[in-house]
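Below: one structure, written as structure tokens.
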Amino acid sequence: MHSLLFLSLLSAASPILAAPAPAEWTFVQNGTTGIVVIEAIVVSPTLAITFDRAQNDPLQLNGVGAWGALWNFETNTAMPLSLVSDSFCGSGGFLSNGTMVSVGGNAVESPDTEPDTDGRMLIRLFEPCTDVNGAGCNVFENPATHHLTTTRWYSSSLRIFDGSLMVIGGIHETTSFYNNDSVSSFEFFPPKDNGVARPSAFLEHSLPANLFPRGFALPDGRVFMVANNLTIIYDVERNTETILPDIPNSVRVTNPFDGTATLLPLSPPLYTPEILVCGGSNTSDSTPSAQHSSQDPASDQCSRMIVTPEGIRRGWVVERMPEGRIMPEMILLPDGRVLIINGGETGYAAIKSVANAVDGQSNADHPVFRPVIYDPKAPLGMRFSNEGLPASEIARLYHSTATLTPSGYVLTDWFGGLVSSINADFLASNIFVAGSNPNQNPNIVNNTRLHTEFRAEYLNPPYMSVARPKLHNVPSTLPFNHAFTIPVDIPPGLKANNIQVALIDLGFSTHAFHSSARLVFMHAVLAPNRKSITITTPPNNRVYPPGPGWIFLTVDGITGTGVQILLGNGRSPPVEDQGVGLII
């Protein structure tokens, strides 16, 4: 009887696979993350590393709550990771050799109940993992040998042109709101300057609202930074700071006034950099936190600037989102558009530090449930749209994350997983959304309106329910300035009038920012018979810092599954310049 019922259901499902419903954006809830996903980074086609704080999350390891996990996009389950130190509110990214590095974190919070050590100086390493389920893949920690020069909580990180990780700012001790014990310096991993941190006047001037500074590697190797409402270009090789125009209208965009920011897609031949900064608050940073309100409106301002001498002279161009957002996330989509998701319409980041925190906990209120898409190529005033985008049922405020995924399986519970095995691409999801916990200790709070959130969901773009292009035989390692030809499948229904090949660093997601997130379009030529495609990698290691990336093919607006590669010579940092210089 059960077999007949199963065959009947499978037969009924087959026409759906053959003739899918009209394509549309959809939210799908699937699985629980076991820990609050405060930090997330995709490390393989099937896995993302997630971090929380060392508290009492339901995912257990050796009888205590885990605070690190591998999230599996195929099974929508979490496997605990064994950690030594508290990674809470740290940052991270990849090195040129493919190693994932997590830096900084929190002091020991509950020494009597949690087996963690102080994470503020710690460096955690995760080597490339080839097992689809993460078997045998672990985080390496050694406080005696792998550590920063100083304690850092709420710092940012960035992979730079030599494949090393730059660590930016932070605070020495915990704080309820403002940065009142600043780490106004930069350092690197592996260390530079004989392990001595570099003082930063910029970080000192941007106090007290400069936690989680936003940094971006420009295509000439310098670094653009935003902290508070101030911006600079930092020259790593010369150790100089060049002051740029402030964010207009006194809008502040770093913690605890979190907006979000991204480097817009870079395109050949010039790879002209543009920065987009959205959301945050124009509240004064001289006002004590107790005089702020969870009902203070967030900013709807987006500021965009071309980072060239002429563009800097013109300054910022102001645009407006459909609503204000505090703590939004920006995700670079493979077609060059930008998804803005999560956050609240009012209030601030942090917890329990404004006059009327929600249920005595959350500094923010009025969650924004519907994402919006920003099209950088559209005319000014017509770049934002939420048409066709669904609304989530889940509030994603403080300590939430979102990331583009190369692939995943949204409906693995259908027929015991058989449907996903029949057609994985048909069921692939593309944006993983998790976390949210604007509550103070203990970590799990269920009796507030904005409670601790363990539900995972995926936002699926329309192309997930149609036939999609697919790259074959992509080399796992590629040099710079290199043309290679590989087979490709183009669905018959696509005319292939518009071919886009994007190389994307998906970034390290935490606190309304994707550290190292980057999209570089690569020159691509489709063969007349549509059976092969020739792609040219970025010209050098400054246009795309050497290390891991994902290649996405988009044909007529339909994007295929991402393919993981390692760009550059694959050596450990610091690596020499590779490729050719830009001709300007």
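Remarks
- For the pair Asp577 and Met382, a Förster radius of 35 Å applied to the C-beta separation gives a FRET efficiency near 0.30, rounded to the nearest 0.05.
- Cα gyration tensor category, rounded, prolate or oblate, for segment 100-198 with a/c compared to 1.5: oblate
- Each of Pro128, Tyr154, Met166 was placed along the dipole of segment 111-167 (beta-carbon charges, centred on the mean Cα), and the one lying farthest toward the positive end is Met166.
- From helices alone, the chain scores -1500 deg cm²/dmol at 222 nm; the rule is -39500 (n - 2.57) for each run of n ≥ 4 DSSP H residues, then divide by the residue total.
- Solvent-accessible surface of segment 246-396, averaged per residue with a 1.4 angstrom probe and all protein chains in place: 35 square angstrom.
- Percent RCO, i.e. relative contact order, over the chain, from Cα pairs under 8 Å lying at least 6 residues apart: 15
- Shape call, segment 268-359: gyration tensor on alpha carbons, a/c limit 1.5: prolate
- The heavy atoms of Arg455 present about 80 square angstrom of accessible area, all protein chains included, probe 1.4 Å.
- Furthest towards positive pole of dipole, Asn249, Phe432, Gly570, structure part the chain, Cβ charges: Gly570
- When DSSP beta bridges are restricted to pairs lying wholly in the chain, around 95% turn out antiparallel.
- Probe 1.4 Å, accessible area per residue of segment 524-567, Å²: 26
- Taking Glu274, Glu345, Glu457 and ordering them by how much accessible surface each has at a 1.4 Å probe, largest first, produces Glu345, Glu274, Glu457.
- Solvent-accessible surface (1.4 angstrom probe) belonging to Val563, in square angstrom, nearest 10: 40
- Accessible surface computed residue by residue for segment 172-221, with neighbouring protein chains in place and a 1.4 Å probe, gives 37 Å² per residue.
- Percent accessible area from carbon and sulfur atoms, the chain, protein chains only, probe 1.4 Å: 54
- The chain - charge dipole about Cα centre, Lys and Arg +1 at Cβ, Asp and Glu -1, debye rounded to 20: 1380
- Partnerless cysteines in the chain, where a partner means another cysteine C-beta under 4.7 angstrom, comprise Cys89.
- Calculated FRET value between Arg530 and Arg370, using beta carbons and R₀ = 35 Å, to 0.05: 0.40
- Positive-end extreme of charge dipole, the chain - chosen from Met522, Tyr544, Trp71 (charges on Cβ): Met522
- Accessible-area value, Lys470, 1.4 Å probe, nucleic acids and ligands omitted, Å²: 100
- Three-way shape label, segment 500-584, alpha-carbon gyration tensor, a/c 1.5: oblate
The values are calculated or read from the model by the stated rules, or taken from the named source; none is laboratory data. Fair warning: this is a prediction, and the values are worked out from it, not measured in the lab. Don't worry about glycine lacking a Cβ; one is built from the backbone with ideal geometry, like all the others, and counts go over all protein chains shown. Heads up: the accessible areas ignore ligands, DNA and RNA and are worked out on the full protein's heavy atoms, side chains in. Shrake-Rupley method; radii C 1.70, N 1.55, O 1.52, S 1.80 Å.
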